[in-house]
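This report refers to the structure that appears directly beneath it.
The values are calculated or read from the model by the stated rules, or taken from the named source; none is laboratory data. All values reported here derive from a predicted model rather than from experimental measurement. Reconstructed Cβ throughout: ideal geometry from the backbone, glycine too, with neighbour counts over all protein chains shown. Only protein heavy atoms, including side chains, enter the accessible area calculation; ligands, DNA and RNA are left aside. Shrake-Rupley method; radii C 1.70, N 1.55, O 1.52, S 1.80 Å.
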Amino acid sequence: MKKILILLLFAIAVSCHTKPPAPPTPEDPGETRISAEDTIRFTPPKNIILLIGDGMGITQITAGMYRNGNKLNLEQFKYVGLHKSYASDNLVTDSAAGATAFSIGKKTYNGAIGVDKKGKPSQTILEEAELAGMATGLVATSSIVHATPASFYAHQKDREMKEEIAADMLKVDLDFFVGGGKKYFDRRKDERNLIEELTKKGYKISTYFDKEFVDTAIDPSKNFGYLTADTEPLMFSQGRDYLVPATRSAMDYLSKQQEPGFFLMVEGSQIDWGGHANDSEYIISEMIEFDNAIGAALEFAKRDGETLIIVTADHETGGYAINPTSTMDSIVAAFTTKDHTAALIPVFAWGPGEELFGGIYENTSIYDKMRRAFGFKKKLQ
Ligand code: MG
Ligand code: ZN
């Protein structure tokens, strides 16, 4: 009996190892949606700002809050929900499938950028906003070709195809972007110079090479791009601190466009990298910077009155925990992994349409809720 049990356990262990358990998912949750929010009435927002803290689970928020004097701008949000972050091929998502769930509303495989689980390109919420005549922007503390921002403008089968992702930027009319990754634009295998091509298309492109972001003049009559680093930007603790000013500039720039509203995605990209490094201090400093960007968005939205702000993460990173003997000033952390985890992820909403975001739902529902908030009906092609 004991032998059988051991064999059985061994078999289970082997099968777990070789084949990750399939997530308990309906065939395509993108098609079978519970629409409890269909009865909710609200004034549609003109603008949506989606702020994504990459790898930002509840503990990352908690640690940032205590270390920030027991307060965060996030506490101003009254509507809080939770999303299920799993990918189509894995219970634990990566940032590509996670952001693509938000951008196209379909569960897809890890590594997918703006494509469904069969690898087929699908229109993103940013592209749909463009077609509806709205202004669009992306701000990230990673490179602009990194999985999260890329999933909003690019369509590639794999997140590592960074030069192809950069080239996809020529196919959309992204009005404003700030992020790293200059070398994917101007030192490419195919010898194209995308900075020149974007300039010809009507962009004013600046880089960290010419000027600091805060000293860069922004002409609202031209599309604007700023490349903050050759590859990936520095950590906040190493002196990178453009997330808040770039968020402010983006809102200012986008609201000046002669267009009926805007869609802006802002990413605190490196909360995730602190989790991968199992480095609590790294997580905390990136988390507090991200919360300050949330504060800037709230300031704008309070003045403007027609802006919906959504704050969420793609997944949690590190299995981060706050252990006994911690104090508010001194967090004693533990981690279960150097990878992502499958925990439910919080969603915070503020402004017109915020009521849509309470409850527990699939990550793909965030896409549906944003479309519902904008009043998008049939897909424009
Ligand atoms: Mg990211
Ligand atoms: Zn990650």
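Here are the numbers:
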| item | result |
| --- | --- |
| Some residue of the stretch 234-249 being farther than 22 Å from I310 by Cβ, surrounded by fewer than 20 Cβ atoms within 10 Å (Cβ to Cβ) and touching a Phe, Trp or Tyr at 6+ places or on another chain (Cβ under 9 Å) | yes |
| Residue in the stretch 136-169 that is farthest from ligand 2 (Cβ to nearest atom), counting only those that are open to solvent by 10 Å² or more (accessible area, probe 1.4 Å) and within 30 Å of Y282 (Cα to Cα) | E163 |
| I310, sole failed condition from (1) within 14 Å of ligand 1 (Cβ to nearest atom); (2) of a type in the set (A, V, I, L, M, F, W, C); (3) touching a Lys or Arg at 6+ places or on another chain (Cβ under 9 Å) | (1) |
| Subset of the stretch 350-381 [exposed (fewer than 15 other Cβ atoms within 10 Å of the Cβ) and polar (S, T, N, Q)] | Q381 |
| Qualifying helices (runs of 4 or more DSSP H) (wholly inside the stretch 50-135; at least 1 residues being closer than 23 Å to K162 by Cα and open to solvent by less than 40 Å² (accessible area, probe 1.4 Å)) | 95-104, 125-131 |
| The stretch 197-215, subset of a type in the set (S, T, Y) and open to solvent by 20 Å² or more (accessible area, probe 1.4 Å), residue nearest to I144 (Cα to Cα) | Y208 |
| Tabulated pairs, the stretch 53-72, first under 18 Å from V244 (Cβ atoms), second in a helix (DSSP H, G or I) and away from ligand 1 (no atom under 16 Å from the Cβ), C-beta under 6 angstrom, 6+ apart or interchain | G64/I284; G64/I288; R67/I284; N68/I288; L72/M65; L72/D291 |
| Hits in the stretch 265-295 - residues which are in a strand (DSSP E or B), within 16 Å of ligand 2 (Cβ to nearest atom) and not acidic (D, E) | G268 |
| Yes/no for L298 being more than 30 Å from A87 (Cβ to Cβ) and more than 16 Å from ligand 2 (Cβ to nearest atom) | yes |
| Qualifying positions in the stretch 328-343 - free of Cβ contacts under 8 Å to residues at least 40 places away in the same chain and either part of a loop (DSSP other than H, G, I, E, B) or open to solvent by 50 Å² or more (accessible area, probe 1.4 Å) (or both) | S330, V332, T336, T337 |
